[in-house]
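> Quick one: the structure is below, and I'll ask about it shortly.
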Amino acid sequence: METDGIKFNPADVKILAVEDSPTQAQVLKAALERRGYKVLVAARCDEALRLMRDFSPKIVLSDIILPDMTGYELCKLIKSDKKNLGVYVILVTTLTEPGDVLRSLECGADSFIAKPYDGELITSCVNSLMVNSA
């Protein structure tokens, strides 16, 4: 894929989606896989942290409201572990208050997307992160 003259191959980009809604997880996974990305889904943060070790994602897309901790807390854990250097975190939520955006920035998130979203918005955000990392 080429964006602004910078090339990257979506098949080389692993994405871990953390979403407790099975329906939304499948929509997200399908939208990204249609564009060539490799995607794993976790329904809980503890599962996501285990998958981080073996799957080694480049991007973590996480809902903020999750059963075992918040996406903010998950983002802090990911960003504080030196093994995850270079991993981007995108927080996805229905929350749209200015304080939510501020909390996303404070926990180290690289981007923030409000629900409802479509496949184009998600892939545009992912593509932007990949182009800026090249």
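The values are calculated or read from the model by the stated rules, or taken from the named source; none is laboratory data. All values derive from a computational prediction rather than experimental measurement. Ideal geometry is used to build each Cβ from the backbone, glycine not excepted, and the neighbour counts take in all protein chains shown. Quick note on the areas: whole protein, heavy atoms, side chains included, nothing else; ligands and nucleic acids left out. Shrake-Rupley method; radii C 1.70, N 1.55, O 1.52, S 1.80 Å.
> When region 103-133 is examined, which residues are found to be modelled with pLDDT of 85 or more and among the polar types (S, T, N, Q)?
111, 123, 124, 127, 128
> Can you pull out the residues in region 50-106 that are without any contact (Cβ under 8 Å) to a residue 40 or more places away in the chain, closer than 17 Å to residue 40 by Cα and either assigned to a strand (DSSP E or B) or of a type in the set (Lys, Arg) (or both)?
Selection gives 50, 53, 89, 90, 91.
> Can you name every residue in region 14-71 that is among the β-branched types (Val, Ile, Thr) and out of contact with any Phe, Trp or Tyr (no Cβ under 9 Å at 6 or more places or on another chain)?
18, 23, 27, 39, 41, 65, 70
> Okay, next question. Looking at residue 17, is it open to solvent by less than 40 Å² (accessible area, probe 1.4 Å) and not in a helix (DSSP H, G or I)?
Yes; evaluated as a whole, the condition is true for this residue.
> Which residues, counting only those in region 30-42, are within 14 Å of residue 60 (Cα to Cα) and open to solvent by 40 Å² or more (accessible area, probe 1.4 Å)?
38, 40, 41
> Also, quick follow-up: Which members of region 95-125 meet the condition of being farther than 15 Å from residue 27 by Cβ and either in contact with a Pro (Cβ under 9 Å, 6 or more places away or on another chain) or basic (Lys, Arg) (or both)?
103
Residue-by-condition table, conditions (1) of a type in the set (D, E, K, R); (2) buried (at least 19 other Cβ atoms within 10 Å of the Cβ); (3) touching a Pro at 6+ places or on another chain (Cβ under 8 Å):
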residue	(1), (2), (3)
27	no, no, no
82	yes, no, no
86	no, no, no
92	no, yes, no
